[in-house]
Amino acid sequence: MNLHEQLESYKTQFYSDNKKNNFFKSKQKLDCANIISKKIPIKQLLTNSIYIVPNSEFIYIDYPILKHFLCPETYDAVSNHILKLNQIIVSTYGHFNIRVDLKSFTVTAAQRYSDIIQKFCGLYLNNEGHSNNIRKIQIYNRPTVMEVLINMFSAFISKESRDKIEFIKQN
């Protein structure tokens with residue numbers, strides 16, 4: 001069974017054991033992610049969802065996979081993994097880029113993950129620390145509510161970093 005099949009299987013099992021909420025789904029989704037993060041080794045989850053694009057200075061973040069295990073219990077592991085990849089790329093190229101696939105990302109997802117998004121913005125998208133090492137941030141599968149999302153986190157993102165964001169159209 002490949003990783004996608006495993007993720008779907010564990011998610012299906014979780015909702016089979018726990019009636020899917022029509023309201024107040026955020027906590028339930030975080031609980032499901034926590035369960036999944038305990039069933040599949042975190043290293044396997046991280047290396048399949050956040051990785052260096054071969055022969056490039058890009059860190060790729062695959063939200064469609066990441067969302068299955070992203071929860072407060074995994075935030076430190078995710079942050080540390082991104083930092084480690086950042087250091088590898090910067091040591092080679094002197095800078096790094098981020099490419100993120102936001103397919104299925106919503107305002108409620110932004111609210112659910114606001115703690116780690118704020119942490120990420122504070123580390124990489126303000127005018128301090130690692131933000132000077134970022135050349136560009138490419139966003140694939142731009143959510144229709146992208147402007148709302150940027151406004152939600154604008155206090156944590158410098159104007160210089162906002163200018164580095166590129167929206168990439170999928171073919």
Select, from 11, 67, 84, the only residue that is open to solvent by 60 Å² or more (accessible area, probe 1.4 Å), within 11 Å of the chain's Cα centre (by Cα) and not hydrophobic (A, V, I, L, M, F, W, C). 67
Which number in (1) under 25 Å from residue 24 (Cα atoms); (2) open to solvent by 50 Å² or more (accessible area, probe 1.4 Å); (3) in contact with a strand residue (DSSP E or B) (Cβ under 8 Å, 6 or more places away or on another chain) marks the one condition that residue 135 misses? (1)
Going by the structure shown, is residue 111 in a helix (DSSP H, G or I), touching a residue at least 40 places away in the same chain (Cβ under 8 Å), surrounded by fewer than 19 Cβ atoms within 10 Å (Cβ to Cβ) and not hydroxyl-bearing (Ser, Thr, Tyr)? yes
Against the definition (surrounded by 17 or more Cβ atoms within 10 Å (Cβ to Cβ) and either touching a Gly at 6+ places or on another chain (Cβ under 9 Å) or closer than 17 Å to residue 136 by Cα (or both)), how does residue 58 come out, yes or no? yes
Could you please let me know if residue 49 is within 13 Å of the chain's Cα centre (by Cα), surrounded by 14 or more Cβ atoms within 10 Å (Cβ to Cβ) and without any contact (Cβ under 8 Å) to a residue 24 or more places away in the chain? yes
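The values are calculated or read from the model by the stated rules, or taken from the named source; none is laboratory data. For clarity, every value in this text was computed on a predicted model and none was experimentally measured. Cβ coordinates were reconstructed from backbone atoms using ideal geometry, including for glycine residues, and neighbour counts include every protein chain displayed. Note: areas computed on protein heavy atoms with side chains; ligands, DNA, RNA excluded. Shrake-Rupley method; radii C 1.70, N 1.55, O 1.52, S 1.80 Å.
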